[in-house]
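The values are calculated or read from the model by the stated rules, or taken from the named source; none is laboratory data. Every value quoted in this text rests on a predicted model; they were computed, and no experiment measured them. Ideal geometry is used to build each Cβ from the backbone, glycine not excepted, and the neighbour counts take in all protein chains shown.
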Amino acid sequence: MKKITDLDLKGKKVIIRVDYNVPINDKGEIVDDNRIRESLQTINYCLDNDCKIILLSHLGKVKTEEDLKKKSLRVVAERLSELTNKEVIFVGATRGDLVNNTISNMKAKDIVMLENTRFEDLDGKKESGCDNELAKYWASLGDVFINDAFGTCHRAHASNVGIANNIKEKAVGFLVQKELDNLLPIINEPARPFTVILGGAKIVDKIETIRNLVKKADYILVGGAMAYTFLKAKGIETGKSLIDEESLDFAKEMLSLTDKIILPVDHLASDSVDNNNYTTKEELDINDIGLDIGPKTISLFESYIEKSKTIFWNGPMGYYENPTYQNGTKELCDYISKLDITSIVGGGDTASCVINMGYKDKFTHVSTGGGASLELLEGKDLPGIGAIK
Ligand code: AMP
């Protein structure tokens, strides 16, 4: 597979698929610009090579006309302009005369960003369905294609796999390369003991990852709401805690197969996610909601982390949207940050927690792709990478 540095980019028109699927609040402001910052190395490399840069990205899902107003990439173009200290020419369209004319008038070092690629989904899911006519059109806009959107590499969409299939010169960018360099070794040859920390709410999305990890990891520490599904599967009272009902049988199966799964031994229990008053309990009552791991669980998890050489973490330890229940996640961040081990955070909510809590630089790698990193851990080949190969 070619890397960006394997290509002669001098003066070329380069299409870069970036992952600017950033969280945006109700006021239309970007809440976390990490993914934009992570794209800068590739963009700066293209600027140094006097390229004309054409950026493509999706932003959220586009299902209704209303989404066209809420999911525009314009705000992202403005943020990128601040970060690069350069004008970013935003084109509010995904194809047509405006796109064609803007691109034919580009000069060296110009940056053009097209509108959200998923605007094409309103008309028969052309982006998500990898429509070849659309992919061919986007590929025709440049000389070279760089896939630097790790967060979408597990999807075969027109703007990643489609373009790659319709262009000769292609490579992965610095971000995708960095992700693979950090994630592949922990799948293939992790320094042991290899401990996986899993949290968040849903098991159903992570079933295949958990199956594969049960074979590969030495210990699997389960916190967050996910733990309550495992505890319920063991017949333990979980009160009104969030349960992933459809995964109860899977949880039972996993617990019967392995004793590597370590579950919480105490909880911060309350009667509502918004209630900041909680009681620390080892056993939940029928009306309790477990919202964070308790101090004994933190010590238990730390005792496994302490003896580990590699950590992979996906999913927060509690209902972190309420700061009262961020403690377990924060304590583990703090503990891991002081150890000299390989520590990888697998994107999504956990990456946002680690970044917002100020620990990003203390981890070996914080992935930009939740789904993509989990699929790599399932042992799958990612189509976005395959199309470059
Ligand atoms: P997931 O999308 O499956 O990774 O889950 C992330 C979500 O899990 C976040 O919104 C967390 O607030 C939520 N979460 C984690 N622990 C708990 C808990 N104990 N109770 C309710 N929600 C939780």
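Do we find a residue being within 16 Å of the ligand (Cβ to nearest atom) and not assigned by TED's automatic domain parsing to the domain that holds Met317 anywhere in the range 148-157? Within the range 148-157 (the criterion being within 16 Å of the ligand (Cβ to nearest atom) and not assigned by TED's automatic domain parsing to the domain that holds Met317), the answer is yes, since at least one residue qualifies.
Out of Asp181, Asp249, report the one residue that is within 30 Å of Ser272 (Cα to Cα), at pLDDT 95 or above and either touching a His at 6+ places or on another chain (Cβ under 7 Å) or away from the ligand (no atom under 13 Å from the Cβ) (or both). Break it down stepwise before answering.
Values: Asp181 fails: within 30 Å of Ser272 (Cα to Cα).
When all the criteria are applied, what remains is Asp249.
Close Cβ contacts (under 6 Å, 6 or more residues apart or on different chains) running from residues in the range 17-39 that are more than 19 Å from Lys178 (Cα to Cα) to residues that are hydroxyl-bearing (Ser, Thr, Tyr) comprise Asp32/Ser352. The set of residues in the range 298-318 that are in contact with a Gly (Cβ under 9 Å, 6 or more places away or on another chain) and polar (S, T, N, Q) contains only Asn314. If the condition is being buried (at least 24 other Cβ atoms within 10 Å of the Cβ) and either outside any loop (DSSP other than H, G, I, E, B) or within 14 Å of the ligand (Cβ to nearest atom) (or both), then the range 214-224 contributes Leu221, Val222, Gly223, Gly224. What residue, of Asp97, Asp50, is within 18 Å of Ala135 (Cα to Cα) and acidic (Asp, Glu)? After ruling out the rest, the residue left standing is Asp97. Just so you know, in the range 263-278 the residues that are in a loop (DSSP other than H, G, I, E, B) and surrounded by 13 or more Cβ atoms within 10 Å (Cβ to Cβ) include one that is nearest to the ligand (Cβ to nearest atom), and it is Val273.
So which residues in the range 340-366 are in a helix (DSSP H, G or I), closer than 18 Å to Glu302 by Cα and not β-branched (Val, Ile, Thr), if there are any at all?
From the range 340-366, those in a helix (DSSP H, G or I) are 348-356, 360-362; that's our starting set.
Remaining after also requiring closer than 18 Å to Glu302 by Cα: 350, 354, 362.
Answer for the range 340-366, where residues must be in a helix (DSSP H, G or I), closer than 18 Å to Glu302 by Cα and not β-branched (Val, Ile, Thr): just Lys362.
What are the residues in the range 227-244 that are within 14 Å of the ligand (Cβ to nearest atom) and in contact with a helix residue (DSSP H, G or I) (Cβ under 8 Å, 6 or more places away or on another chain), if any? Listed by number, the residues that qualify are Thr229, Phe230, Lys232, Thr238, Ser241, Leu242, Ile243, Asp244.
Annotation: Ile203 fulfils all but one of (1) at pLDDT 95 or above; (2) crowded, with 22+ Cβ neighbours inside 10 Å; the unmet one is (1).
The strands (runs of 3 or more DSSP E) found entirely in the range 279-339 include none that carry 3 or more residues being of a type in the set (Phe, Trp, Tyr) and away from the ligand (no atom under 15 Å from the Cβ).
Of everything in the range 184-213 that's assigned to a loop (DSSP other than H, G, I, E, B) and closer than 17 Å to Ile311 by Cβ, which residue is nearest to the ligand (Cβ to nearest atom)? Out of the qualifying residues, it is Gly200. Selection of the range 354-389 for residues being within 13 Å of the chain's Cα centre (by Cα) and β-branched (Val, Ile, Thr) yields Val354, Ile355, Val366, Thr368.
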